[in-house]
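The values are calculated or read from the model by the stated rules, or taken from the named source; none is laboratory data. What you are looking at is a predicted structure, and each value in this text was computed from that prediction instead of being measured. In this analysis, Cβ positions are derived from the backbone assuming ideal geometry, glycine residues included, and neighbour counts consider all displayed protein chains. Just the protein is used for accessible areas: all its heavy atoms, side chains included, with ligands, DNA and RNA removed. Shrake-Rupley method; radii C 1.70, N 1.55, O 1.52, S 1.80 Å.
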Amino acid sequence: MGQGVLSPGFSRVGGVLHADGVSLERLAHEVGTPAYVYSLARIRSQYRRLETALADAMPDVTHRLHFSVKANSNLAILRTLQECGAGVDIVSAGELYRAREAGFGGTDIVFSGVGKTADELRLALEAPVLFVNVESEGELRLLDEVARAMGAVAPVALRVNPEVTVESPHEYIRTGEKGHKFGIPYDDAEAVARLAHELPNVALVGLDMHIGSQIATWEPYASALARIRPLFESLRAAGINTLEWLDLGGGLGVTYEAEAPADVDRFAAGVADAVRGLGVSLVFEPGRFLVAEAGVLLARVLYRKRSGGKEYVITDAGMNDLVRPSHYQAYHRIEPVTTPAGHLVADVVGPVCESGDFLALGREMADVGPGDLLAVHTAGAYGFVMASNYNSRPRPVEVVVDGDRYAVATERERLEDLVRLERAHLQWRSA
Ligand SMILES: *Cc1c(COP(=O)(O)O)cnc(C)c1O
């Protein structure tokens, strides 16, 4: 991969952590902290890894990789994946806008999401997207109306909840179990599919599932496909012969701590088995898998403190910059950019006025002090996209690295940006 035996990404050169050919110490000096830094080479290699596994396992099945934009919606990342040949999976008008800005054509886009508005559905049909993943009977009827008003026929894939057990590290990232808000309950799916077939302004072109995230094993996919395939076959047997797509969603897991990453060869072989003879084209919606390990959040240590017998490392990055530790109790590996001697056990916390503002709890780590630079790993997915301005903190800069070059992809917000949409003078209107 042009990097010797190392896979592209983060490694030490002369004791200093680098993103490919760029020193993170140097970079932090140039762009400040907190900063998100992404290795484009790592994103490309993840894409190729999955693409190759799927192509090798099913040379005779058409498949497309549609990157789940919500994992990392930066335009530079989207353009990189577009150059790799990816499409996108979007969940809002905002993501549609970003996808178009990044150069994706309408048919490079599938539109998912449990709560699309009429306006969003109209924008999707104007694109027009490859298909809309419809999640309820109500949405199906609304889409039919919106399409009729536009004189269009909307291509629809029904997102079915296969109601399987999903092994993933946090309840919030399971989406395919019985009673979840996502998708059409399995027992209702056939009836909704028949309705889709009958409504004049929608065309039922496929079925869709997305069972959760950070999934490390093949089993949940196997159970889900064992439910979706018979449904597919029964609809075809009922004379619905417009079904051409099966969208398997995303969910492939990565390594945050010591988890085995998703075995993509096993996954590809399993999918190949499960769809053999079905005569269908496949869509995959990987998010985390493509970008998580390509990103770090750089933070500077501000203070050390002892309280109640506990050590605290206080950094300039907080839960508003990276919410995963506090929202999902997620583990992120943290290492100093240069290596100080000694060890300590500490809570790594941010400046936000919340006791839930932490990057790590009870973490065994290097003995860092004020001024030291930390890299919070595996921050390329669900990192910056979930950042907020809580405590009126400007959101961090985003930087992309390509070989030994880097570029600012998103400028750090300025203080003026924080009040940009607020009115200095209120214009009162009578109701
Ligand atoms: C979030 C999401 C994905 C991506 O999930 P990952 O675990 O990041 O791969 C794919 N499809 C849908 C519908 C999603 O909501």
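Conditions (1) in a helix (DSSP H, G or I); (2) modelled with pLDDT of 95 or more; (3) surrounded by fewer than 22 Cβ atoms within 10 Å (Cβ to Cβ), marked per residue:
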site	(1), (2), (3)
Val37	no, yes, no
Gln46	yes, yes, no
Glu51	yes, yes, yes
Pro59	no, yes, yes
Arg64	no, yes, yes
Phe67	no, yes, no
Ser73	no, yes, yes
Ala76	yes, yes, yes
Thr80	yes, yes, no
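Within region 99-123, being aliphatic (A, V, I, L, M), under 14 Å from Glu83 (Cα atoms) and either assigned to a loop (DSSP other than H, G, I, E, B) or in contact with a Lys or Arg (Cβ under 6 Å, 6 or more places away or on another chain) (or both) holds for one residue alone: Ala102.
Might you check whether a residue that is closer than 18 Å to His66 by Cα, in contact (Cβ under 8 Å) with a residue 12 or more places away in the chain and aliphatic (A, V, I, L, M) occurs anywhere in region 223-243? No, region 223-243 contains no residue that is closer than 18 Å to His66 by Cα, in contact (Cβ under 8 Å) with a residue 12 or more places away in the chain and aliphatic (A, V, I, L, M). Restricting to region 105-132, and then to whatever is under 17 Å from the mean Cα position of the chain (by Cα) and crowded, with 24+ Cβ neighbours inside 10 Å, can you tell me which residue is farthest from the ligand (Cβ to nearest atom)? Per the stated criteria, the residue is Ile109. Among residues of region 161-189 being more than 16 Å from the ligand (Cβ to nearest atom) and farther than 18 Å from Leu248 by Cα, the one that is most open to solvent (accessible area, probe 1.4 Å) is Asp187.
Scanning region 244-284 for residues that are aliphatic (A, V, I, L, M), under 30 Å from Val192 (Cα atoms) and touching a Leu at 6+ places or on another chain (Cβ under 6 Å) turns up Leu246, Ala268, Ala274, Val280, Leu282.
Condition check ((1) part of a loop (DSSP other than H, G, I, E, B); (2) in contact with a Gly (Cβ under 7 Å, 6 or more places away or on another chain); (3) free of Cβ contacts under 8 Å to residues at least 24 places away in the same chain) across all residues:
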| site | (1), (2), (3) |
| --- | --- |
| Ala262 | yes, yes, no |
| Phe267 | no, no, no |
| Ser326 | no, yes, no |
| Glu335 | no, no, no |
| Cys353 | yes, no, no |
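Note on region 159-203: among residues that are within 26 Å of the chain's Cα centre (by Cα) and in a strand (DSSP E or B), the one that is modelled with the lowest pLDDT is Arg174.
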